[in-house]
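Undergrad: Below is the structure I would like to discuss, written out as structure tokens.
The values are calculated or read from the model by the stated rules, or taken from the named source; none is laboratory data. Nothing here was measured: the structure is a model prediction, and the numbers come from that model. Note that we place each Cβ from the backbone using ideal geometry, even for glycine, and neighbour counts take in every protein chain shown.
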Amino acid sequence: MTTSAPIRAAALVRNTNETSIQIALSIDGGDLPQDTDPRLLEVVSTHASQSTKSQVIAISTGIGFLDHMLHALAKHAGWSMALNCKGDLHIDDHHTAEDCCLAVGAVFAKALGALTGVARFGYAYAPLDEALSRAVVDLSNRPYSVVDLGLKREMIGQLSTEMIPHCLQSFAQAARITLHVDCLRGDNDHHRAESAFKALAVAVR
């Protein structure tokens, strides 16, 4: 008698005074979990969505570049993920960016479940044209992060560059992992940031 592998998937709703977030994640791709919030099925985001036999991704945060980064994270990690956020963007991007990445970290930890049989350490390098980033992770239950991306611009699209390392730090905090991410070289801040998210994606596969 064979036993099927456990389904590593989870969904959650995160509401604060600043943001309302619905998120669903399947670490191994495929269909989203059965308890996915119906509002996620209404997400329309032409620049950060895809649907194939192996992955379903639909990201709508209200911040285009954040959508792009979270789509890259899900795609290259092999996840299926849907996320919808309504945040206080009339103030600025801080709460929305931070809370979305806290939600991604929390649902990742919930979907991963018990760490028995899971490789604890992972690392990866990911290039994007001239940029090259390295990510090292430890599924340690000891949330800690060191992120050095060397970004110089004030904004990329509608996302403050100061929020990009903070997004990675927020993910690590909520996922309860130790995370080191460094952009080793690169001239273009878009490329530096995206290579960092892709390195994280491959490191957690």
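Undergrad: Could you list, in sequence order, all residues of the stretch 160-195 that are within 17 Å of the chain's Cα centre (by Cα) and aliphatic (A, V, I, L, M)?
TA: 163, 164, 168, 172, 174, 175, 177, 179, 181, 193
Undergrad: Is the stretch 93-109 home to any residue that is surrounded by fewer than 17 Cβ atoms within 10 Å (Cβ to Cβ), of a type in the set (Asp, Glu) and more than 16 Å from the chain's Cα centre (by Cα)?
TA: The answer is no; no qualifying residue exists.
Undergrad: I've got another one for you. Output the residue which, of all residues in the stretch 47-61 that are β-branched (Val, Ile, Thr) and not in a strand (DSSP E or B), is modelled with the highest pLDDT.
TA: Among those that are β-branched (Val, Ile, Thr) and not in a strand (DSSP E or B), it is 61.
Rundown of residues vs (1) modelled with pLDDT under 95; (2) among the β-branched types (Val, Ile, Thr); (3) surrounded by fewer than 21 Cβ atoms within 10 Å (Cβ to Cβ), yes/no style:
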| position | (1), (2), (3) |
| --- | --- |
| 115 | yes, no, yes |
| 127 | no, no, yes |
| 132 | no, no, yes |
| 137 | no, yes, no |
| 145 | no, no, yes |
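Undergrad: Inspect the stretch 6-26 for any residue being under 23 Å from residue 94 (Cα atoms), assigned to a loop (DSSP other than H, G, I, E, B) and either out of contact with any helix residue (DSSP H, G or I) (no Cβ under 6 Å at 6 or more places or on another chain) or at pLDDT below 85 (or both) and give the result as yes or no.
TA: Scanning the stretch 6-26 turns up at least one residue that is under 23 Å from residue 94 (Cα atoms), assigned to a loop (DSSP other than H, G, I, E, B) and either out of contact with any helix residue (DSSP H, G or I) (no Cβ under 6 Å at 6 or more places or on another chain) or at pLDDT below 85 (or both).
Undergrad: Does residue 186 satisfy the condition of being crowded, with 21+ Cβ neighbours inside 10 Å and either outside the structural domain of residue 27 (by TED's automatic domain parsing) or modelled with pLDDT under 95 (or both)?
TA: On the way: crowded, with 21+ Cβ neighbours inside 10 Å: yes; either outside the structural domain of residue 27 (by TED's automatic domain parsing) or modelled with pLDDT under 95 (or both): yes.
Considered against the rule, which asks whether it is crowded, with 21+ Cβ neighbours inside 10 Å and either outside the structural domain of residue 27 (by TED's automatic domain parsing) or modelled with pLDDT under 95 (or both), residue 186 comes out as yes.
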